[in-house]
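The values are calculated or read from the model by the stated rules, or taken from the named source; none is laboratory data. Bear in mind that the values here come from a model prediction, so they are computed numbers and not experimental data. Side chains included, ligands, DNA and RNA excluded: accessible areas come from the protein's heavy atoms. Shrake-Rupley method; radii C 1.70, N 1.55, O 1.52, S 1.80 Å.
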Amino acid sequence: AQQRSSCRTPLLLQAGAACSREIQKPRSSDDSETIKLEHDSSAEQRLVLAADKQRRESYEEKRNAFESYADEENDEQNERARESTEQWREFHHDGSHDPPHEYNHHTV
């Protein structure tokens, strides 16, 4: 079985001649311009992707910093509330009897 390329089929002899010329034809300036545009486009796309990644990382760092700040503020507020409640209990307890059960709640 003979293998025939599309350039060598009897019906496409003229196309075959064009096909062989295309193979041997050096690249035109239009072809190199197209390659250059594709290269520029992919370089630009890499820059856009890098900027997006940097922006996501920046937002993540800011979000993490704010979450840490909010957690710390919440912890400090809880500590102040606990201390304030404890001081109020000490001030209102005269020691003659046990404090009512609603004051005996222990929070962590």
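Going by what's in this entry, would R46 be described as at pLDDT 80 or above, among the basic types (K, R) and either in a loop (DSSP other than H, G, I, E, B) or open to solvent by 100 Å² or more (accessible area, probe 1.4 Å) (or both)? Working first, answer last.
Numbers: at pLDDT 80 or above: yes; among the basic types (K, R): yes; either in a loop (DSSP other than H, G, I, E, B) or open to solvent by 100 Å² or more (accessible area, probe 1.4 Å) (or both): yes.
Yes: the conditions hold for R46.
Please enumerate the residues belonging to the range 61-88 that are of a type in the set (S, T, N, Q) and either outside any helix (DSSP H, G or I) or open to solvent by less than 100 Å² (accessible area, probe 1.4 Å) (or both).
Passing the criteria: N64, S68, N74, Q77, N78, S84, T85.
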